[in-house]
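Beneath this line is the structure, given in structure tokens, with notes to follow.
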């Protein structure tokens, strides 16, 4: 008998800016990803202040889900998806983010997507803002540094809540909101890159701007949750954290304390605000030591208390080590880097593979918050080989996912209330970190390549058929 609940939400996850394409179709405006060029494992992607004809912008076409959504959702249904985590492109609904009325063509597109999901018995799980801030709001306001964006965000939320109230039950406010605690987050999350052009690896680090922007996102998230609870009680509102599990590199007390601080400000800070409804005690010292002064308005504290989320979701790809020792080896990873764990292997992109870390993480989160949880991103980015007969033998991906599902099952046995699992990039898409197609995650191979060529045809990988059996047996059959 399966350890997973009978209504466990098996599925997959994608993001609008990484797979939709159709970047300027049907009234869509320019978002931050539309200004990001392609890159690779060794060459960083660039952000440009204007769309330049001599640059290649992979999100402009991506895998063209915009025109292939029926085919793709049918493939998800063939695997047996119970849920599909996707996002809404803010600039499809409000092209600059500042309009008073929404773009009907954009609203109608998501009507078609959600109706197609429902036709196949798939529950949409919708991220409201997934790394696709309207670029006009960067130009005019330096992104979320400005309080003005709270009002624009609420205008957007009210429009989509009203439109999809009978089609979407599960909502996430901001994707990986804790990206704002890291320099990389200025580009992907807070949009505090006004006037910047250059490689994403050289972004100027301005903690004051990012943490002020984060405060505004906290207020906006809480306002959206409070509004949803008051007007649409059928909605379940969640947060979303990029969880980068950290271990002390040694048992040196200095490493223990350094790891604790890392976990606090990277992994716990944002969810403490969103789940507990207030700034955590340890943030005060951090802000003082880093010269950060958060401007708040009367009522903010009460709003944070009233806008607490109903369930907790997170991404988990890897773990790393924290140390004060200078002789440790650096490693790469999702958003932030750390130090190499000698007990772990790594992916082609240097991300350390740690399935047991997922069990540990699930236990840590649940013991802290005690609310239902979902793993909404997990997966292996790899260089898949398309054989002449149209097959992709991705046993390495199956091995990765199997090991993580096994550890999720252990966490459920431990007593964790786990409600679902949506592996990342269930169909190949553009990588957020490198802007390339070669780093593939999907169960479905898409013939689209880093030079922009490809016919967009879809092919089932070996992992497609494996995951189908996993879902059919509610996680019992993992062979």
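List residues of segment 411-438, by number, whose backbone nitrogen lies under 20 Å from a label position 7 Å along Cα→C-beta of residue 356.
411-416
At 222 nm, what helix-only mean residue ellipticity would the chain give, in deg cm²/dmol to the nearest 500, using -39500 (n - 2.57) for each DSSP H run of four or more?
Helix contribution divided over all residues of the chain: -10500 deg cm²/dmol.
What FRET efficiency would be calculated for the residue pair residue 284, residue 251, taking the C-beta separation as r and a Förster radius of 30 Å, to the nearest 0.05?
0.55
Find the centroid of the Cα atoms in segment 387-407 and in segment 434-479, then give the distance between the two in whole Å.
Each part reduced to its Cα centre gives a spacing of 9 Å.
Taking 0.36 nm per residue of separation and subtracting the Cα-Cα distance, what length does fully extending residue 438 through residue 406 add?
Here the segment from residue 438 to residue 406 would lengthen by 8.8 nm.
Where the centroid of each part is defined by its Cα atoms, how far is segment 284-313 from segment 137-157 in Å?
Segment 284-313 and segment 137-157 have Cα centres separated by 18 Å.
Label residue 348 and residue 465 with points 7 Å out from Cα along Cα→Cβ: what is the distance between them in nm?
2.2 nm
Taking 0.36 nm per residue of separation and subtracting the Cα-Cα distance, what length does fully extending residue 371 through residue 393 add?
Gain in length upon complete extension: 4.1 nm.
Counting only DSSP beta bridges with both residues in segment 9-472, tell me the antiparallel percent, nearest 5.
Just about 30 percent of them are antiparallel.
Using packing as a proxy for protection, rank 406-417, 384-395, 152-163 so that the peptide with the highest average count of other Cβ atoms within 10 Å comes first.
Per-residue mean Cβ counts within 10 Å order the peptides as 152-163, 406-417, 384-395.
Take residue 60 and residue 194, extend 7 Å from each Cα along the Cα→Cβ direction, and tell me the distance between the two endpoints in nm.
The two pseudo-label positions are separated by 2.8 nm.
Would you kindly state how much longer the chain becomes between residue 329 and residue 451 on full extension, computed as 0.36 nm times their sequence separation minus their alpha carbon distance, in nm to one decimal? Kindly include the intermediate steps, with their values, before the conclusion.
Details: separation 122, 0.36 × 122 = 43.92 nm, distance 3.35 nm.
Gain on stretching residue 329 to residue 451: 40.6 nm.
Pop a pseudo-label 7 angstrom from the Cα along the beta-carbon direction at both residue 43 and residue 202 and give the gap in nm to one decimal.
1.6 nm
FYI, it's all coordinate maths here, none of it is from the lab. Every value quoted in this text rests on a predicted model; they were computed, and no experiment measured them. We place every Cβ from the backbone using ideal geometry, glycine too, and count neighbours over all the protein chains shown.
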